[in-house]
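Enquirer: Below is one structure. I have some questions about it.
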Amino acid sequence: MNNSGEIICFLSDANRVPALIHCTGGKDRTGFVAAIIQLYLGVPYETVIDEYLKSNDLIAAKMKRTESFIRWMSLFRISPEQIRPVLEVRREYFEDVYQKIMKQYGDIGTYLEKGCNIPRGCLEQLNEMFLSSNEGQ
C-alpha cells in the first residue's frame with residue numbers, strides 16, 4: 001500500500017482519531033492527501049482549494065528564508081521567479097492533478113480505490129466515521 005492508503009486506512013480506524021497529519025511545509029504530499037480526503041468526504045471543491053492555498057500564508061516566512069538561501073548558494077544566478085514555483089502551492093498545480101484524476105477515474109472514490117489501491121473497506125469506514133458520527137446529535 002502507498003502512503004495515501006496508509007494514511008486513509010489509519011484515519012478510518014476510530015481508535016486512532018483524532019489524528020494530526022503534518023509535514024514541514026504542508027504543501028506537497030500532505031496538502032494533497034488532505035485535499036483528496038476532503039474531496040472524497042464531499043467538501044466543496046472551492047473550499048478545498050482555499051484551504052490548500054493557505055499553505056502559502058502559513059509557510060511564507062520559512063519559504064522567504066529558503067528562497068534567500070538558494071539565491072545566496074547560487075551566487076544570485078537564480079532569480080526569485082525561478083525559485084517560487086518550487087516553494088509555493090498554486091491553484092493550477094492542484095487543478096492539473098485533479099483534472100487528470102477525473103479524466104482517468106471519474107471520481108475521487110474510484111481514484112482512491114483503483115489508482116491508490118486503498119481497500120474499499122477503509123474508504124467505507126472513513127466515510128462512515130466522518131460523515132455519520134454526528135447524525136442525531
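The values are calculated or read from the model by the stated rules, or taken from the named source; none is laboratory data. Note that the structure is predicted; figures quoted are calculated from it, not measured. We place every Cβ from the backbone using ideal geometry, glycine too, and count neighbours over all the protein chains shown. Calculation scope for accessible area: heavy atoms of the full protein, side chains included, ligands and nucleic acids excluded. Shrake-Rupley method; radii C 1.70, N 1.55, O 1.52, S 1.80 Å.
Enquirer: Has region 62-78 got at least one residue that is under 30 Å from M129 (Cα atoms), touching a helix residue (DSSP H, G or I) at 6+ places or on another chain (Cβ under 9 Å) and in contact (Cβ under 8 Å) with a residue 12 or more places away in the chain?
Expert: Checked against the condition, which is being under 30 Å from M129 (Cα atoms), touching a helix residue (DSSP H, G or I) at 6+ places or on another chain (Cβ under 9 Å) and in contact (Cβ under 8 Å) with a residue 12 or more places away in the chain, region 62-78 yields no hits at all.
Enquirer: In region 3-59, which residues are charged (D, E, K, R), at pLDDT below 90 and in a helix (DSSP H, G or I)?
Expert: The answer is E6, R16, R29, K54, D57.
Enquirer: Evaluate the following for F69: is it outside any helix (DSSP H, G or I) and exposed (fewer than 12 other Cβ atoms within 10 Å of the Cβ)?
Expert: For F69, the condition - outside any helix (DSSP H, G or I) and exposed (fewer than 12 other Cβ atoms within 10 Å of the Cβ) - is not met.
Enquirer: Now, a different point. Taking the condition of being under 17 Å from the mean Cα position of the chain (by Cα), assigned to a loop (DSSP other than H, G, I, E, B) and surrounded by 13 or more Cβ atoms within 10 Å (Cβ to Cβ), how many residues in region 107-137 meet it?
Expert: Total meeting the criteria: 2.
Enquirer: Related question: May I ask you to list the residues in region 88-106 that are surrounded by fewer than 12 Cβ atoms within 10 Å (Cβ to Cβ) and over 20 Å from L53 (Cα atoms)?
Expert: Listed by number, the residues that qualify are K103, Q104, G106.
Enquirer: Residue by residue through region 47-65, note down the ones that are within 14 Å of the chain's Cα centre (by Cα) and not β-branched (V, I, T).
Expert: D50, E51, Y52, L53, K54, S55, N56
Enquirer: Could you identify the single residue in I21, I59 that is out of contact with any Cys (no Cβ under 6 Å at 6 or more places or on another chain), open to solvent by less than 20 Å² (accessible area, probe 1.4 Å) and touching a residue at least 12 places away in the same chain (Cβ under 8 Å)?
Expert: I59
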